[in-house]
Amino acid sequence: MGLDDMLKQQIHDRAPELKHKLVNEFDEVTQKDMDEAGDDPDQIVDKVQQKTGQPREQVEQRVNQVMQKG
């Protein structure tokens, strides 16, 4: 699947807000993890995947859902 360019741009533009939401969404992910990922959408997804052990596609779907919650 992968992140499409539009979603990547949205993630990048809203990175601080999104990262805070992801820390709340995933028990395994810390603010430090998100700080290490920076504002790079792929790095954010990679870090969540790394910490949770979930398949990348599943993590991308969850990130997308969190983004849509607004």
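The values are calculated or read from the model by the stated rules, or taken from the named source; none is laboratory data. Worth saying up front: this structure is predicted, and the values here are computed from it rather than measured. Here Cβ is always computed from backbone atoms with ideal geometry, including for glycine, and neighbour counts include all displayed protein chains. The area values use the complete protein model at the heavy-atom level, side chains included, leaving out ligands, DNA and RNA. Shrake-Rupley method; radii C 1.70, N 1.55, O 1.52, S 1.80 Å.
Brief remarks follow.
- Answer residue from the range 3-38, given it is outside any helix (DSSP H, G or I) and closer than 15 Å to M67 by Cα and is modelled with the lowest pLDDT among those: L3
- Of all residue pairs spaced 6 or more apart or on separate chains, none has beta-carbon atoms under 6 Å together with a first member in the range 4-31 that is at positive phi and a second member that is surrounded by fewer than 17 Cβ atoms within 10 Å (Cβ to Cβ).
- Residues in the range 39-68 that are open to solvent by 70 Å² or more (accessible area, probe 1.4 Å) and in a helix (DSSP H, G or I) were compared, and the one that is nearest to G2 (Cα to Cα) is E57.
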